[in-house]
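Visitor: The structure under discussion is supplied below as structure tokens; questions concerning it will follow.
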């Protein structure tokens with residue numbers, strides 16, 4: 001085993017750049033053009049700073065200024081940055097996030113394609129941490145309902161209990177959970193947006209996972225983090241699962257146009273209903 005020493009310098013954030021991005025996001029999410037005061041309120045940036053940034057963005061055609069109404073809207077100039085991404089393979093676009101997750105959490109990160117036949121296929125994997133780890137081969141296939149990804153898949157597809165039980169009875173695990181335990185995990189995944197498999201799919205292996213969906217709610221891709229059991233503390237495994245969920249929420253919005261906050265709102269509604 002080779003010890004991994006993180007020598008990356010602490011990140012330095014440029015406030016002006018962060019403010020400009022916040023303003024562009026606010027305008028992109030707005031249904032109507034907005035004035036400086038509205039944008040400032042939405043972003044929490046001072047009016048004077050907001051005005052100067054908007055004026056600069058307008059000069060670069062990233063936003064459009066209406067001289068009559070004194071409002072701003074997102075401009076065609078932003079498309080200039082997306083041209084290189086048009087037609088790109090989704091796995092290639094997602095890979096930087098897989099690398100970040102692996103680096104931040106010292107885990108093997110896998111990207112799974114979810115097929116129409118209720119299977120998942122491994123299409124990418126990343127492990128940047130120099131630690132002892134498990135591995136999986138490209139093209140590996142599993143039933144969509146098995147493991148941590150499978151619990152998330154079952155939570156999202158939300159089929160009835162009997163249909164889910166029929167599928168569960170055909171799954172192969174090295175240390176099978178009971179159906180009631182599996183069902184409880186599915187319910188938890190529906191509330192949390194992530195799931196765990198702790199040594200059940202593969203003995204001695206701990207997995208956390210979450211799923212990317214499209215605008216119809218259909219599961220499209222799964223991301224899992226795989227570690228040897230006990231390699232990272234449980235609190236760190238939970239942080240990893242939350243990061244996976246936040247990443248899949250963002251990718252659902254970015255790749256498939258899922259409205260910002262829709263998935264989070266749905267989970268809050270489920271949790272509220274169960275505590276009512």
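FYI, it's all coordinate maths here, none of it is from the lab. Since this is a predicted model, take the numbers as computed values, not measurements. Because the Cβ atoms are built from the backbone with ideal geometry, glycine has one as well, and the counts that use them run over all protein chains shown.
Visitor: Would you mind calculating the relative contact order of the chain from Cα pairs under 8 angstrom and at least 6 residues apart, reporting the percent as a whole number? Display every interim value, and only then the final one.
Guide: Details: 414 pairs, mean separation 37.6, N = 276.
Value for the chain: 14 percent.
Visitor: If R0 is 22 Å, what FRET efficiency do you get for residue 60 and residue 28 from their C-beta distance, rounded to 0.05?
Guide: Efficiency at R0 = 22 Å is approximately 0.90.
Visitor: Any chance you could give the angle, 0 to 90 degrees and rounded to 10, that helix 234-256 forms with the longest Cα principal axis of the chain?
Guide: The angle comes out near 50 degrees.
Visitor: With the cut-off at 1.5 for a/c, could you classify the stretch 147-276 from its C-alpha gyration tensor as rounded, prolate or oblate?
Guide: oblate
Visitor: May I ask you to work out the translational diffusion coefficient for the chain at 37 °C, viscosity 0.692 mPa s, via Stokes-Einstein with Rh from the Kirkwood sum over Cα pairs, reported in whole µm²/s?
Guide: So the translational diffusion coefficient is about 157 µm²/s.
Visitor: So what's the angle, to the nearest 10 degrees on a 0 to 90 scale, between helix 262-275 and the longest Cα principal axis of the chain?
Guide: 60
Visitor: What is the helix-to-structure angle for 15-29, meaning the angle in degrees between its Cα long axis and the longest Cα principal axis of the chain, kept from 0 to 90 and rounded to the nearest 10?
Guide: With both axes taken from Cα atoms, the answer is about 80 degrees.
Visitor: Could you work out how far apart the two model spin labels at residue 76 and residue 214 are, taking each label as a point 7 Å from the Cα in the direction of the beta carbon, and quote it in nm?
Guide: Distance between the two pseudo-spin positions: 2.9 nm.
Visitor: What number in nm² do you get for the stretch 182-231 if you take the convex hull of its Cα atoms and divide its surface by four?
Guide: Its average projected convex-hull area is 3.9 nm².
Visitor: Need the full-extension length gain, residue 140 to residue 121, defined as separation in residues times 0.36 nm minus the C-alpha distance. One decimal, nm.
Guide: 6.3 nm is the gain from fully extending residue 140 to residue 121.
Visitor: Under the 0.36 nm per residue contour assumption, what length would be gained going from the current alpha-carbon distance of residue 69 and residue 93 to full extension?
Guide: Full-extension gain reported as 4.8 nm.
Visitor: Then there is this: Taking 45 Å as R0, compute the FRET efficiency from the Cβ-Cβ separation of residue 133 and residue 49 and round it to 0.05.
Guide: 0.50
Visitor: Take the Cα atoms of the stretch 15-81, build their convex hull, and give its volume per residue in Å³.
Guide: 79
Visitor: Tell me what the chain gives for mean residue ellipticity at 222 nm when only DSSP H runs of n ≥ 4 count, each as -39,500 (n - 2.57), the sum divided by the residue total, rounded to 500 deg cm²/dmol.
Guide: Roughly -14500 deg cm²/dmol at 222 nm, from the helical runs in the chain.
Visitor: So, R0 is 22 Å and r is the distance between the beta-carbons of residue 161 and residue 198; what FRET efficiency does that work out to, to 0.05? Write down the numbers at each step before the final one.
Guide: Values: r = 23 Å, r/R0 = 1.05.
Here the calculated transfer efficiency is 0.40.
Visitor: Among 45-53, 205-213, how do they line up by average Cβ neighbours within 10 Å per residue, starting with the highest? Don't skip to the end; give the middle numbers.
Guide: On the way: 45-53: 16.8, 205-213: 26.1.
Packing order, densest peptide first, comes out as 205-213, 45-53.
Visitor: What ranking do 194, 13 get, fewest neighbouring Cβ atoms within 10 angstrom at the top?
Guide: 13, 194
Visitor: Order of 232, 159 from fewest to most other C-beta atoms within 10 Å?
Guide: If I rank by nearby Cβ atoms, fewest first, I get 159, 232.
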